[in-house]
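The values are calculated or read from the model by the stated rules, or taken from the named source; none is laboratory data. Everything numeric here is computed off the predicted structure, so don't read it as measured data. Don't worry about glycine lacking a Cβ; one is built from the backbone with ideal geometry, like all the others, and counts go over all protein chains shown.
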Amino acid sequence: MDKKLLTASASVLLFFGCIQAQQTASGGNLWGYTFGDYAYVAHGDSAGRGNGNVQYKGLGSQASGTKNQNAFEIRRAYLGYDYTINKKFSATTLLAYEGDYDVNGNRTVYLKNAFFTWKNIFKNSNLIIGQQFTPSFSTANNTDALWGYRSIERGLLDMRKVDASTDMGVSLAGKLWIADTSKSTAFIAYQAMVGDNSGNIPVPGFTSSGTALNNTTDKDKKFRLTLYFNGLKNKLTIGAYGDFINYGPVYYKTTKGYQNSTWTFKVYAAFNAKPFGIGAEFFKQTNTNGEFTLNETNPKANDTANAVQFGFSVYGHLNLIPDKLVFFARYDSYNPDIFYTHNLSEIYTSRLVAANTYSETFATAGFDWTPVTDKKVHFMPNIWYDGISNGVGSDKLKSDYYLVPRLTFFYIFK
């Protein structure tokens with residue numbers, strides 16, 4: 001009898017011990033990566049132009065007064081920590097250096113991500129709360145990951161500041177359909193997000209360090225949604241993305257309020273196999289009543305207009321030596337305003353983009369050599385080019401370009 005009682009007691013203790021272990025199992029992982037270059041500015045745009053996050057904007061220009069500019073520089077360094085709280089919750093914190101510096105001119109980091117995930121809040125879906133990657137281009141199976149060479153250049157939407165890579169908010173991400181076969185890994189997935197539209201910047205007035213309010217981030221929220229299909233054993237991805245933010249009425253040179261909102265639409269596809277990979281994306285962003293034309297000769301003709309920017313990107317890679325040497329290339333076309341026309345009797349402004357008188361083409365090509373089989377160290381000689389076309393510009397500046405040969409390095413630790 002005593003032996004039975006002892007056995008039963010041991011079984012009960014073991015059962016509750018297993019439950020407790022499942023509930024409290026925790027642990028973390030420190031990870032990061034760094035990339036940078038030796039870059040030589042062989043030619044710079046004469047006026048220092050460039051829409052968005054153009055890497056070498058202003059270098060080699062007449063205004064800079066310096067020729068043959070070159071440097072060894074780090075463009076990004078990540079230090080992240082992923083922590084498993086228990087079976088249901090995990091958290092991530094990410095510090096980043098991306099060219100920022102303090103008041104003394106020293107390199108400094110900022111808080112890129114700080115979020116936690118509620119896993120399987122319902123079947124096949126996770127809830128994510130905090131400063132997190134946005135589903136516009138920077139999440140898994142999206143265009144940055146499919147391009148695969150963020151160490152060479154930002155993706156199209158990031159490069160032209162169409163949206164931020166991170167934002168403070170809440171999102172729901174998961175799978176809507178999973179192939180019901182043991183031989184297939186196909187699925188349809190989604191991510192929906194509501195965010196401040198403030199990027200990495202704290203909303204003033206809601207933190208101890210800020211007082212000035214900004215309706216763009218304090219009142220109006222940005223809604224984002226991506227939907228994509230992944231199949232052929234993770235080789236094929238086809239997706240679509242959209243976002244919307246309503247700013248309400250705006251007043252510019254008029255007492256009449258004009259409804260102002262911005263919406264974005266993007267489609268993309270990529271095929272990545274071991275011998276080669278190819279991909280493309282296209283986006284269009286419309287800012288309703290985002291522009292106002294002032295007619296100097298006839299003020300009654302003043303009116304609002306929609307501002308529309310669009311662009312496309314194509315990219316690919318070819319494995320020359322398996323697990324050792326890859327050739328990669330990319331070409332972008334970008335127009336910050338497809339409706340722009342210049343009339344000397346008008347002053348033209350735009351809320352959608354800061355510079356709207358020229359279009360741009362971007363191109364890069366190079367080789368990716370990794371000396372180790374785990375592919376955690378890369379050396380990538382490449383050419384970086386950004387062309388400025390000023391065919392309809394009011395400033396009457398010539399078309400020009402940036403040309404930068406580089407030797408890029410990239411290493412990962414985890």
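Which of the residues spanning segment 93-108 are outside any loop (DSSP other than H, G, I, E, B) and either within 18 Å of residue 32 (Cα to Cα) or among the hydrophobic types (A, V, I, L, M, F, W, C) (or both)? Walk me through how you get there before you give the answer.
Let us first name the residues in segment 93-108 that are outside any loop (DSSP other than H, G, I, E, B), namely 93-97, 101, 107.
The answer is 93, 94, 95, 96, 97, 107.
Could you tell me which residue of segment 179-198 is nearest to the chain's Cα centre (by Cα), considering only residues that are among the β-branched types (Val, Ile, Thr) and either assigned to a loop (DSSP other than H, G, I, E, B) or within 14 Å of residue 141 (Cβ to Cβ) (or both)?
Taking segment 179-198 and keeping what is among the β-branched types (Val, Ile, Thr), we get 181, 185, 188, 194.
Applying the additional criterion that residues be either assigned to a loop (DSSP other than H, G, I, E, B) or within 14 Å of residue 141 (Cβ to Cβ) (or both) yields 181, 185, 188.
On the way: 181: 34, 185: 26, 188: 22 Å.
Here the answer is 188.
Within the bounds of segment 186-200, is there any residue that is surrounded by fewer than 16 Cβ atoms within 10 Å (Cβ to Cβ) and at pLDDT below 95?
No, segment 186-200 has no match at all.
Is it the case that residue 90 is assigned to a loop (DSSP other than H, G, I, E, B), crowded, with 16+ Cβ neighbours inside 10 Å and of a type in the set (S, T, N, Q)? Walk me through how you get there before you give the answer.
Numbers: assigned to a loop (DSSP other than H, G, I, E, B): no; crowded, with 16+ Cβ neighbours inside 10 Å: yes; of a type in the set (S, T, N, Q): yes.
Considered against the rule, which asks whether it is assigned to a loop (DSSP other than H, G, I, E, B), crowded, with 16+ Cβ neighbours inside 10 Å and of a type in the set (S, T, N, Q), residue 90 comes out as no.
If I filter segment 138-174 down to residues being among the hydrophobic types (A, V, I, L, M, F, W, C) and in contact (Cβ under 8 Å) with a residue 60 or more places away in the chain, which single residue comes out as farthest from residue 379 (Cα to Cα)? Spell out how you get there, then give the answer.
Let us first name the residues in segment 138-174 that are among the hydrophobic types (A, V, I, L, M, F, W, C), namely 140, 145-147, 152, 156-157, 159, 162, 164, 168, 170, 172-173.
Applying the additional criterion that residues be in contact (Cβ under 8 Å) with a residue 60 or more places away in the chain yields 146-147, 152, 156-157, 159, 162.
Working: 146: 20, 147: 17, 152: 11, 156: 23, 157: 26, 159: 22, 162: 30 Å.
Residue satisfying both the conditions and the ranking: 162.
Looking at the structure I just gave you, is residue 135 out of contact with any strand residue (DSSP E or B) (no Cβ under 6 Å at 6 or more places or on another chain), of a type outside the set (Val, Ile, Thr) and more than 30 Å from residue 379 (Cβ to Cβ)?
Working: out of contact with any strand residue (DSSP E or B) (no Cβ under 6 Å at 6 or more places or on another chain): no; of a type outside the set (Val, Ile, Thr): yes; more than 30 Å from residue 379 (Cβ to Cβ): yes.
No.
Output the residues belonging to segment 116-172 that are among the β-branched types (Val, Ile, Thr) and closer than 21 Å to residue 230 by Cα. Walk me through how you get there before you give the answer.
First, pick out the residues of segment 116-172 that are among the β-branched types (Val, Ile, Thr): 117, 121, 128-129, 134, 139, 143, 152, 162, 166, 170.
134, 139, 143, listed by residue number.
Please verify whether segment 377-395 includes one or more residues that are farther than 24 Å from residue 156 by Cα, assigned to a loop (DSSP other than H, G, I, E, B), at pLDDT 85 or above and polar (S, T, N, Q). Lay out the reasoning, then the answer.
The first filter runs over segment 377-395 and keeps only residues farther than 24 Å from residue 156 by Cα, leaving 377, 394-395.
From the residues that got through so far, the ones that are assigned to a loop (DSSP other than H, G, I, E, B) too are 394-395.
Pick out the ones that are also at pLDDT 85 or above and you get none.
Checking segment 377-395: not a single residue is farther than 24 Å from residue 156 by Cα, assigned to a loop (DSSP other than H, G, I, E, B), at pLDDT 85 or above and polar (S, T, N, Q).
Please indicate, with yes or no, whether at least one residue in segment 109-128 is modelled with pLDDT under 95, of a type in the set (D, E, K, R) and within 18 Å of the chain's Cα centre (by Cα).
no
Could you check segment 228-248 and list, in sequence order, the residues that are under 12 Å from residue 269 (Cα atoms) and in a strand (DSSP E or B)? Please lay out each step first, then the result.
Taking segment 228-248 as the starting set, the residues that turn out to be under 12 Å from residue 269 (Cα atoms) are 228-231, 235-241.
Once the filter is applied, which keeps residues that are under 12 Å from residue 269 (Cα atoms) and in a strand (DSSP E or B), segment 228-248 yields 228, 229, 230, 231, 236, 237, 238, 239, 240, 241.
List the residue pairs whose Cβ atoms are under 7 Å apart, where the first residue sits in segment 105-120 and is among the hydrophobic types (A, V, I, L, M, F, W, C), the second is in a loop (DSSP other than H, G, I, E, B), and the two are 6 or more positions apart or on different chains.
Matching pairs, first to second residue: 118/88.
Which pairs do you get when a residue that is at negative phi and polar (S, T, N, Q), found in segment 243-257, comes within reach of a residue that is modelled with pLDDT of 85 or more and part of a strand (DSSP E or B), reach meaning Cβ atoms under 6 angstrom, with the pair 6+ apart or on two chains?
Final answer for the pair search is 246/261.
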